[in-house]
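A.B. asks: Once you've had a glance at the structure underneath, I'll fire off some questions.
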Protein chains: 2
Amino acid sequence: MKNEQLDFWIKQRKDQKRKRSVETLFNGLRSGNNSALSAAITLIESSLESDKVLANELIKKCLPFSGNAIRIAITGIPGVGKSSFIEEFGKIIIGEKKRLSILAIDPSSIKSKGSILGDKTRMDFLSTSENVFIRPTATGVTLGGVARNTRESILLCEAANYNVIVVETVGVGQSEISAHSMVDFFLVLMLSGAGDELQGIKRGIMELADAILITKADGQNINLAKQAKQQIKNALHLFPAKENNWTPITETCSSKEKLNINLAWEIINDFFTIQSKNGWIKSKRIEQQIQAFNSTLQSEIYQDFLRKQKESINHLENEIKQNKISPYQAVETLLMKNLETES
Amino acid sequence: MKNEQLDFWIKQRKDQKRKRSVETLFNGLRSGNNSALSAAITLIESSLESDKVLANELIKKCLPFSGNAIRIAITGIPGVGKSSFIEEFGKIIIGEKKRLSILAIDPSSIKSKGSILGDKTRMDFLSTSENVFIRPTATGVTLGGVARNTRESILLCEAANYNVIVVETVGVGQSEISAHSMVDFFLVLMLSGAGDELQGIKRGIMELADAILITKADGQNINLAKQAKQQIKNALHLFPAKENNWTPITETCSSKEKLNINLAWEIINDFFTIQSKNGWIKSKRIEQQIQAFNSTLQSEIYQDFLRKQKESINHLENEIKQNKISPYQAVETLLMKNLETES
């Protein structure tokens, strides 16, 4: 065979192989095969350029089949009992013959410390159920990367006919804002106590909540939990009404005694019914997508500019620090320079 | 005279005139002339290109003489009694032979509805004092524009030997975040009452506060004010400690009975002494400048890109809305296109 022929043949084989692998993953996950879904998520998490092409093809195929699940974020500081809550919460969901997917956003994994979430061993029942899919965050990516992976994983899970998607985060940082921007309902778990424990919850997270549950309201803890509930209700009072007119609900719960776990699921269903009917869910999801587009674009464009103008920027930042130039003059200098390079 | 000679002569005259006007403004404001300061602020607010050149020259001359004032933001919803408070607060400051400048950020003026702040007629005493400079926001500019104008006005006032700069805002929106990013101390005024009134304060503003004062704690209102104080203290408890270790202070006050107005000034002085000594003020101010640089740069670069790629962006947003493409694929498409145009 001549060289050109050989090249052509190799390319053809590769193309075929590529199409087959996307096709295989797509058919696999559509038919409810969790290994295929798992491999699909691994593909979208990959940073290889060749994998990215495949991942984009796969996402494109899945998009028409996405959007049918209830998307819920569940957050709370370590020790609040997230795993125990999700275990009981999940039992109710799969008891209704629904399929449940649990995705984790864990900021600690970003620094490659390994994921403390999505720990299958702490959800004995769910981790062995065939209608449940649990997936921890990939380690070693940026928060922006995690957001992208999780957002696209939601699409894949929906294409794989999961009806309920839980995005699990640790309530200590930026990842909650990120989770909030990709779900319909934001559930915050809190510990009871004298109020001081609540400080573990980062500013601004409480006000994102559609519901707050005080966990471990059992045994000697019941009264403390009730007090915490009242405290939180008072604090929520300070926030103005949400744009969808939903009033956040505060309740106590106990995973151990299965108290109010059912109620949580009812609240979420009520929310979803009301907000679907009035069109909020649909418009919110479109808004979330456009926002993801705009913020990713803004950040990528800026990063690109920073790379290209690194030296000038460093120089100007030093001038600012030495009070030689105002921040706005520095920006004008850079924009002027940019115009010159372009023309 | 030949044409070239004439052109040269005209240019020389213009240059001289320009240098003279910057020189005049600079000398005027440095010598404490409020008309010169006022004209200088009008110059930096101007959108004329020729004025911008002059404004930049003026700012550059003022920068070495800036940075010596205490910068305070005072915010609260309409009706909380900002003008009355600032009138009494200002009396104490000028009683100490200090010079006080009051700048207003008023979002309502952005839509050219006119400024509801910086209303000299409501500060009888201060508006006739020669050691006080009051300046309302220019109307008809964007919030970004207002932030820039205010930030540069602070520099001019400091060069004009003002010792205390008050940035006054209405506590109902984004302008508080903006004010917070240009001051050392953030003072929030709140109304007493059953708690519901507090809803007028936008989410996230309370947590910026270095001190919260419940106003109108006089007559029959005293008990309500005390209750509000306790409520707010409880709510503040929910926020974690500030990075500078300052614990926000909550107190009641009355402008009518001159109650705790002095205390407010003492608190701010304590804050300034402590935070100057430990270096926080200095590093915070540098951080604020660099942040203004980065955020303005990011926004300008993005705006520039939006203008150039408007059509493609609209097209891609529609594709996203129709679920034909993921937000991330849309960004990739745009970046690819951008690379092609560049090379």
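The values are calculated or read from the model by the stated rules, or taken from the named source; none is laboratory data. These numbers come from a predicted model, not from an experiment. Methodologically, a virtual Cβ is constructed for each residue, glycine included, from the backbone with ideal geometry; neighbour enumeration extends over all protein chains shown.
A.B. asks: Of all helices (runs of 4 or more DSSP H) completely enclosed by the range B:39-148, which ones contain at least 1 residues that are at pLDDT below 90, out of contact with any Asp or Glu (no Cβ under 7 Å at 6 or more places or on another chain) and closer than 27 Å to B:TRP265 by Cα?
C.D. replies: Working: elements: B:49-62, B:82-95, B:107-110, B:124-127.
Filter on the range B:39-148 gives B:107-110, B:124-127.
A.B. asks: Right, here's the next one. Let me spell it out: the conditions are (1) crowded, with 17+ Cβ neighbours inside 10 Å; (2) within 22 Å of the chain's Cα centre (by Cα); (3) at the interface with chain B (Cβ under 10 Å from one of its Cβ atoms), and A:GLN291 meets all of them except one. Which number is the exception?
C.D. replies: (1)
A.B. asks: Okay, moving on. All but one of (1) crowded, with 20+ Cβ neighbours inside 10 Å; (2) under 30 Å from B:LYS256 (Cβ atoms) hold for B:ALA40; state the number of the condition that does not hold.
C.D. replies: (2)
A.B. asks: Could you give me the residue pairs with C-beta distances under 6 Å whose first residue belongs to the range A:24-36 and is in contact (Cβ under 8 Å) with a residue 24 or more places away in the chain, whose second residue is aromatic (Phe, Trp, Tyr) and surrounded by 15 or more Cβ atoms within 10 Å (Cβ to Cβ) wherever it lies, and which are 6+ apart or on separate chains?
C.D. replies: Filtered contacts from the range A:24-36: A:ASN34/A:PHE133.
A.B. asks: From the list A:SER50, A:SER38, exactly one residue is more than 14 Å from chain B (Cβ to nearest Cβ) and farther than 24 Å from A:SER178 by Cβ. Which is it?
C.D. replies: Being more than 14 Å from chain B (Cβ to nearest Cβ) and farther than 24 Å from A:SER178 by Cβ holds for just one of A:SER50, A:SER38, which is A:SER50.
A.B. asks: If only one of B:TRP280, B:TRP265 is of a type in the set (Phe, Trp, Tyr), closer than 26 Å to B:MET123 by Cβ and at pLDDT 95 or above, which one is it? If you could, list the steps in order and put the result at the bottom.
C.D. replies: Details: B:TRP280 fails: closer than 26 Å to B:MET123 by Cβ.
Just one listed residue meets the conditions, B:TRP265.
A.B. asks: Can you confirm whether A:ASN318 is within 28 Å of B:ARG151 (Cβ to Cβ), within 11 Å of chain B (Cβ to nearest Cβ) and surrounded by fewer than 14 Cβ atoms within 10 Å (Cβ to Cβ)?
C.D. replies: Values: within 28 Å of B:ARG151 (Cβ to Cβ): yes; within 11 Å of chain B (Cβ to nearest Cβ): yes; surrounded by fewer than 14 Cβ atoms within 10 Å (Cβ to Cβ): yes.
For A:ASN318, the condition - within 28 Å of B:ARG151 (Cβ to Cβ), within 11 Å of chain B (Cβ to nearest Cβ) and surrounded by fewer than 14 Cβ atoms within 10 Å (Cβ to Cβ) - is met.
A.B. asks: Would you confirm, using the coordinates I've provided, whether A:SER255 is modelled with pLDDT of 95 or more and small (Gly, Ala, Ser)? Break it down stepwise before answering.
C.D. replies: Working: modelled with pLDDT of 95 or more: yes; small (Gly, Ala, Ser): yes.
For A:SER255, the condition - modelled with pLDDT of 95 or more and small (Gly, Ala, Ser) - is met.
A.B. asks: Of the conditions (1) at pLDDT below 90; (2) farther than 29 Å from A:GLU158 by Cβ, A:GLY204 clears all except one; give me its number.
C.D. replies: The number of the failed condition is (2).
A.B. asks: Scan A:ALA235, A:ALA241, A:ALA211, A:ALA228 and give me the residue that is among the hydrophobic types (A, V, I, L, M, F, W, C) and under 21 Å from the mean Cα position of the chain (by Cα). First the steps, then the outcome.
C.D. replies: Details: A:ALA235 fails: under 21 Å from the mean Cα position of the chain (by Cα); A:ALA241 fails: under 21 Å from the mean Cα position of the chain (by Cα); A:ALA228 fails: under 21 Å from the mean Cα position of the chain (by Cα).
Result: A:ALA211 is the single residue among A:ALA235, A:ALA241, A:ALA211, A:ALA228 that is among the hydrophobic types (A, V, I, L, M, F, W, C) and under 21 Å from the mean Cα position of the chain (by Cα).
A.B. asks: Out of B:GLU152, B:GLU176, B:GLU197, B:GLU168, which single residue is in the same structural domain as B:ILE72 (by TED's automatic domain parsing), crowded, with 18+ Cβ neighbours inside 10 Å, at pLDDT below 90 and of a type outside the set (S, T, N, Q)?
C.D. replies: Numbers: B:GLU152 fails: at pLDDT below 90; B:GLU197 fails: crowded, with 18+ Cβ neighbours inside 10 Å; B:GLU168 fails: at pLDDT below 90.
After applying the criteria, what remains is B:GLU176.
A.B. asks: State all residues of the range B:244-288 that are away from every other protein chain (no Cβ under 14 Å) and of a type in the set (D, E, K, R); if no residue qualifies, say none.
C.D. replies: B:GLU251, B:LYS256, B:GLU257, B:LYS258, B:GLU266, B:ASP270, B:LYS277
A.B. asks: Inspect all residues belonging to the range B:23-39 and state whether any of them is farther than 24 Å from B:THR128 by Cα and outside the structural domain of B:ASN262 (by TED's automatic domain parsing).
C.D. replies: Let us first name the residues in the range B:23-39 that are farther than 24 Å from B:THR128 by Cα, namely B:23-24.
Keeping just the survivors that are outside the structural domain of B:ASN262 (by TED's automatic domain parsing) gives B:23-24.
There is at least one residue in the range B:23-39 that is farther than 24 Å from B:THR128 by Cα and outside the structural domain of B:ASN262 (by TED's automatic domain parsing).
A.B. asks: Let me ask something additional. Assess whether B:LYS310 counts as being within 10 Å of another protein chain (Cβ to nearest Cβ) and not polar (S, T, N, Q).
C.D. replies: Numbers: within 10 Å of another protein chain (Cβ to nearest Cβ): no; not polar (S, T, N, Q): yes.
Against the criterion (within 10 Å of another protein chain (Cβ to nearest Cβ) and not polar (S, T, N, Q)), B:LYS310 does not qualify.
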